[in-house]
Every structure is written in structure tokens, then in C-alpha cells.
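The values are calculated or read from the model by the stated rules, or taken from the named source; none is laboratory data. Please read all numbers here as calculations on a predicted model, not as lab measurements. Virtual Cβ from ideal backbone geometry, glycine too; neighbours counted across all protein chains shown. With ligands, DNA and RNA removed, areas are computed over all heavy atoms of the protein, side chains included. Shrake-Rupley method; radii C 1.70, N 1.55, O 1.52, S 1.80 Å.
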Amino acid sequence: MKTSLLMAALMACTLALPARAETPCCATGDLGLVVERATGSLLVIDRSDRASIGRIEGLGDLSHASLTYSPDERFAFVFGRDGGLTKVDMLTRQIVARTLQAGNSIGGAISDDGRLIAVSNYEPGGVKVFDADTLALVADIPGTSKTIGLVDVPGRRFAWATWDSGEAFMADFSGAEPVLTKLGDVGKNPFDAVLTDDGHTYLIGLFGEKGVTAIDLWDADPKPLRFLQDYGKTEEDLPVYKMPHLQGWAFTEGQYVLPAVGQHELLWVDRDSYAEVARTPMHGQPVFIIAQPGSPYVWVNFATPLNDTVQVVDSRTHQVVKTLTPGKAVLHMEFAPRGAEVWISSRDDNKLMVYDTRSFDVLAEVPANSPSGIFFTARAHQTGL
């Protein structure tokens, strides 16, 4: 009798266990993807081993590609310059679904519940929203202007700005039907935008005029607020060889750290008052400004022809503390989630350089085909990324 009861209990426990996943390995928490722009492929990297472990091919034009992750860190959604939206499986290293949803797209975002994927388009403009499971179209929000700076906002919402018309919008998908709201007129030719790390403020950089626009998304009736309208007015603008990427804007020490468009400087702005507090002369035209986690430092790379260099700046003193030369055409930097190391892509040297962020020693060099964007799966849990 006891034996029969024991066998029955074991069978019940076995039936209660989840079925074994039909996947080849492994946890995804220390994995990442690197955009190989010239070959339309993604390099799968293992951050712990500081090595590449596979490649996913067939993603089309990745010359200005970005991506975001599902909440479980298994799937990545890749936004290609050819209008392609591609869903890839990190474990099987295969394309799950793909759609050419527009003629020219510039980025996208995933909703905070992980169920919607939004894509911003240059051609024909506007925003399209897709089901994250199937990539079936959920909503088509047309526009007559290039759409830039698309971000996810807490509450199943998305915000974006428009280059030609100088406006900002928000779409709310929390109800039965989406609700579109104009947030206001933000200025001439907004070139990119970013949501602060607390989901509070939507910052929009302007190319057609001086200044930056902030919108308080915690306000019941958000309104655009302009600041930094006087920077650079007494100096002659330098050529802008590459637009700054504002999703690299850093928020540290109670400050926004912003690129001075047309100048080789960083602008430091008090986060509460929007007053400029300092400027830092730099090696070249800043492109990405990224805060090192758990430290007072920001790391900066630069536009061509001075794009073989990365500089590290102390947010307390606003001084450059280190200058590195990782390789030709440095396009992107990505920190380990706790900031112990940084991965840097050198497109023209076909490699990724990994640095210790305290000693600045080189920890590894990983071959890659014309690498640009580096994206670790920890992004799956960060608002605005």
C-alpha cells in the first residue's frame, strides 16, 4: 500500500512539472546582440565570457538599426532602416517573424507590459503599432512628417515628435481603443528625443533652432517648456557630420548632460531648474553621452572625422578624466548593467573592445562585421529603451 501511494505521489509531482522547453540552452541574462550593419546580421554575444556565440542573418538594411527586448529577454524586436520590423529568438538564433511595415523607419519601442511594438517611420511618416506575439498590425497612426524620438511611456503609452511639423504626440493604448493626444508645438526640426530614466520628462532636441524642449509627462495637462535657447548664439556653428543620438543622453548628479549641437561641447543642465550649470570642451562633436552605472562618470563618443576616440567626463567637476582610442569609427557604447565594464564598437576595425571601467584596461577584443549598436538584454527592464 505504501509503495502504491508513493508511486502515485511521484506521478502527480511529475505531471505538475512544466514541460521541458524545446530550446538548445541557456539563460539570457548575460547575452546581447550587436548590429552588423554591412551584412544585415546580428552577432549574439555572451557578456560573461566576453565572446560571440552565434549570428542571426537575413535582417535587411541595418545601416541605422536599433532594437528592444521582450520582458523575458528571449525575443528581440529589430527596427531596420528599410522599414523592416523583425522578431528574433535569442535562444534558437532564428527569425521568428518579419514584416516590411514602411519604406524607411528610424526606431521603435515596446510597451511597458511587453505586448505592443511601436515603430516610428520616415516614409510615409507616422507610427505603426504591432502585436508583440505575432507582429499583426494593431494600429496605424498616419502622419505627414518624419517621426523621431519614439519612446515607451509607463501606462501602455508611446510618445514621439515630428521633424517637419515640430510637434509632439502621445498615444495611449491602456483602454479598449487607442487615444491620440497632441502634446504641443515643440520647436523647429526636432531631431531626436528621450524619456528620462524615471519616466517623468520627455526631452526633445532641436536642430532648426537653438534650444531643447521638455514636457512633464506626470502633469495632468502636459505643456512644452523651452530651455537652453541661448547656447551657441555668439559662436559660429561648426559642421554637424552626424546627428547626436539623444537616447544616449545621460542623467547624473541631478543634471542632464546634453550635446551642444553645432559645438564641440557638453552642456550640463540642472534637472530641476533647467538652468545651464557648466560646459565641457570636448574632442569633437558628441554623438552618444552615456552614464556609467553606479558612478559619477559619463562616456562620450564623437562624429566623423574625429570618431576614433572616447572621452570620460566626471559629472562632479565637468572635467575630462580619460581619453581612449578604441579603434576606427567608434559608433556605440554599452555598459554591463552594474557598470563594471563597457563594450565599444569599432565599425571600421571590425571589432568590439571591452574595457574595465575602473582601470581602463582592455579586457577583451571580439571580432564583428562592421559593428554599430550594442544591446544587452538588461534593456528589457529599462523604461525608454
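Assorted remarks:
- Label sites at A139 and K322, each approximated as a point 7 angstrom past Cα along Cα to Cβ, lie 4.4 nm apart.
- Computed over segment 326-366, the alpha-carbon pair-distance distribution with 10 angstrom bins reads 34, 54, 11, each value a whole percent.
- Accessible area per residue for segment 142-291, computed on protein heavy atoms with a 1.4 Å probe, is 42 Å².
- Segment 109-195, relative contact order in percent, only Cα pairs under 8 angstrom and at least six apart counted: 22 percent
- Potential extension, D270-L306 segment - 0.36 nm per residue separation minus Cα distance: 10.1 nm
- Whole-percent carbon and sulfur share, accessible surface of segment 245-385, 1.4 Å: 44 percent
- Applying 1/(1 + (r/R0)^6) with R0 = 25 Å to the Cβ-Cβ distance of D89 and D46 gives a FRET efficiency near 0.95.
- Expressed as a whole percent, the accessible area of segment 23-172 that falls on carbon and sulfur atoms is 45 (1.4 Å probe).
- Against the chain, whose longest principal axis comes from its Cα atoms, helix 2-16 is set at around 30 degrees.
- Segment 43-91: equivalent-ellipsoid semi-axes (sqrt of 5 x gyration tensor eigenvalues, Cα, Å): 20, 13, 9
- Cα Rg over Rh - segment 247-385, Kirkwood: 0.95
- Taking the convex hull of the alpha carbon positions in the chain and averaging its projected area over all directions gives 22.1 nm².
- Scattering profile of segment 62-205 at q = 0.10, 0.16, 0.18, 0.21 Å⁻¹ [log10 I(q)/I(0), Debye over alpha-carbon scatterers]: -0.30, -0.78, -1.00, -1.35
- Accessible area per residue, Å², segment 45-137 with all protein chains present, probe 1.4 Å: 37 Å²
- Convex hull (Cα only) mean projected area of segment 196-283, reported in nm² to one decimal: 6.1 nm²
- Segment 33-99 and segment 316-334 have Cα centres spaced 26 Å apart.
- E236 paired with L363, simple spin-label distance in nm, labels 7 Å along Cα-to-beta-carbon: 4.5 nm
- Residues whose amide H falls under 5 Å from that of A364, counting only those 5 or more places apart or on a different chain, are V354, with hydrogens built in the peptide plane.
- Coordinate range of the alpha-carbon atoms in segment 286-333 per principal axis, descending: 29, 17, 15 Å.
- Spatial separation of Cα centroids for segment 100-146 and segment 179-194, in angstrom: 17 Å
- Contact order relative to length of the chain, as percent, for alpha carbon pairs under 8 angstrom and 6 or more apart: 11 percent
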